[in-house]
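Working notes, beginning with the structure itself.
The values are calculated or read from the model by the stated rules, or taken from the named source; none is laboratory data. What you are looking at is a predicted structure, and each value in this text was computed from that prediction instead of being measured. Methodologically, a virtual Cβ is constructed for each residue, glycine included, from the backbone with ideal geometry; neighbour enumeration extends over all protein chains shown.
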């Protein structure tokens, strides 16, 4: 039997509760926005460790002993050096084109790949084409500072027979990957001066773009043999 008045309790308005809800909603929107942006462009408002374009790349530093004991055929490139960047005797390993008609990557982050269908050092014509890493998941690669080079800077190659060759930088360009694949890299397959041996050094740069499983830019350096 009911007696007296029934009192219906209602929740009082809580500004704190609504503020927390709005903050939570804003976080969900931001995470979604930046997640989609990262997937499509690789861009984030802060730096995060990123995956290498090739997860099989070995980031273990190459020891001096490994460099010293490394050998190639007499007429093939063995070592790569850039005095200005502190790069001395980085190993040069042969590479080919992959199934997508792009350059294979050297297996080690500290190595530089030589496209074996390009010119050989000392050939006196054509362009020696090299491709290497600018970064990995945990640290930078051998070509991380390639854009620091200017016209006239020196690059040195050493062949398997110990003969050394010096090249001077002609130009350095950074361009979107799509443009590089269409025009930049095909041009880099040829020397700047048809009467002199050329050198082209290519590396990835910009952001890692998960959607494309590639970096957003390529850096392409061209040099001429002294």
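Under 20 Å from residue 94 (Cα atoms), touching a strand residue (DSSP E or B) at 6+ places or on another chain (Cβ under 7 Å) and either at pLDDT 95 or above or part of a loop (DSSP other than H, G, I, E, B) (or both): is that true of residue 201 in this structure?
So residue 201 fits the description; yes.
Quick test for you: out of 156, 196, 211, pick the one residue that is part of a loop (DSSP other than H, G, I, E, B) and in contact with a strand residue (DSSP E or B) (Cβ under 6 Å, 6 or more places away or on another chain).
196
Rundown of residues vs (1) within 22 Å of residue 173 (Cβ to Cβ); (2) surrounded by 14 or more Cβ atoms within 10 Å (Cβ to Cβ); (3) in the same structural domain as residue 160 (by TED's automatic domain parsing), yes/no style:
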| position | (1), (2), (3) |
| --- | --- |
| 72 | no, yes, yes |
| 76 | no, yes, yes |
| 89 | no, yes, yes |
| 118 | yes, yes, yes |
| 124 | no, no, yes |
| 146 | yes, yes, yes |
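When residues of the stretch 160-193 are filtered for being assigned to a loop (DSSP other than H, G, I, E, B) and without any contact (Cβ under 8 Å) to a residue 24 or more places away in the chain, how many remain?
The number of residues fulfilling the criteria is 1.
Got at least one residue in the stretch 41-60 being at pLDDT below 75, within 24 Å of residue 203 (Cβ to Cβ), touching a strand residue (DSSP E or B) at 6+ places or on another chain (Cβ under 7 Å) and assigned to a helix (DSSP H, G or I)?
yes
Quick one: residue 152 ticks every box in (1) at positive phi; (2) modelled with pLDDT of 95 or more; (3) in contact with a helix residue (DSSP H, G or I) (Cβ under 9 Å, 6 or more places away or on another chain) except a single one, so which number is it?
(3)
Just one of 154, 128, 169 is closer than 14 Å to residue 85 by Cα and under 21 Å from the mean Cα position of the chain (by Cα); which is it?
That would be 169, the only listed residue that is closer than 14 Å to residue 85 by Cα and under 21 Å from the mean Cα position of the chain (by Cα).
So is residue 112 at pLDDT 80 or above, outside the structural domain of residue 188 (by TED's automatic domain parsing) and closer than 18 Å to residue 205 by Cβ or not?
no
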